[in-house]
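For reference, the structure is listed below as structure tokens.
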Amino acid sequence: MDSRSSEGGRAVRRRRQCEACGKRYTTYERPEEVLRITVVKKDGTTREPYDRQKIIIGLQKACYKRPVSHERIRQIADSVEEAVLQNYDRDVPSWFIGDMVMMRLREVDKIAYVRFASVYREFADVGQLIDQAQEVKDAPTPGPDQKGLFDTDTE
């Protein structure tokens with residue numbers, strides 16, 4: 001029915017209609033990109049190919065039973081991937097990816113953020129978890145005049 005560029009030209013958004021039942025739906029078609037980026041793990045010696053799906057799986061686990069849509073998870077993964085590509089050519093430290101995910105997740109859902117942080121930062125005891133949760137609780141919430149990472153309204 002309708003096709004247009006989406007995600008800054010990186011995907012094609014298509015509105016389709018089922019020929020059998022007439023129901024309309026949207027698909028996003030994105031060429032599979034082979035990123036030649038290697039993730040350097042915390043120990044500094046282990047390296048593995050960048051895998052976008054690992055970010056999505058981590059986000060899905062953190063957002064389990066939280067009001068975060070699959071579309072929002074995909075947007076976070078897109079944003080993290082874009083930050084990686086803007087800042088690194090070949091080797092990206094795993095801490096950079098983790099920090100980018102945490103920064104974006106904190107803005108979207110604070111409970112999911114604390115869940116992700118507890119695994120990513122490998123909290124040794126409950127005290128560290130409580131400290132992190134208190135820090136999130138005490139942080140100011142952006143007001144209506146402040147834009148977040150995912151706000152798309154233009155003035």
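The values are calculated or read from the model by the stated rules, or taken from the named source; none is laboratory data. Because the structure is predicted, anything quoted here is derived from the model rather than measured. No Cβ is skipped: glycine too gets one built from the backbone with ideal geometry, and neighbour counts run over all protein chains shown.
Assorted remarks:
- Screening Ile73 on (1) outside any helix (DSSP H, G or I); (2) modelled with pLDDT of 90 or more shows it passes everything except condition (1).
- Any chance Val92 is at pLDDT 85 or above, in contact with a helix residue (DSSP H, G or I) (Cβ under 6 Å, 6 or more places away or on another chain), of a type outside the set (Lys, Arg) and assigned to a strand (DSSP E or B): yes
- Pair list, Cβ < 7 Å and 6+ apart or interchain, from region 22-49 residues that are under 19 Å from Asp78 (Cβ atoms) and exposed (fewer than 11 other Cβ atoms within 10 Å of the Cβ) to residues that are among the hydroxyl-bearing types (Ser, Thr, Tyr) and at pLDDT 85 or above: Pro49/Thr38
- Long-range neighbours under 6 Å by Cβ, at least six apart or interchain, first residue charged (D, E, K, R) within region 82-100, second not in a helix (DSSP H, G or I): Asp91/Thr38; Asp91/Val40
- Test set (1) under 23 Å from Asp91 (Cα atoms); (2) exposed (fewer than 10 other Cβ atoms within 10 Å of the Cβ); (3) modelled with pLDDT of 80 or more - Glu19 fails condition number: (1)
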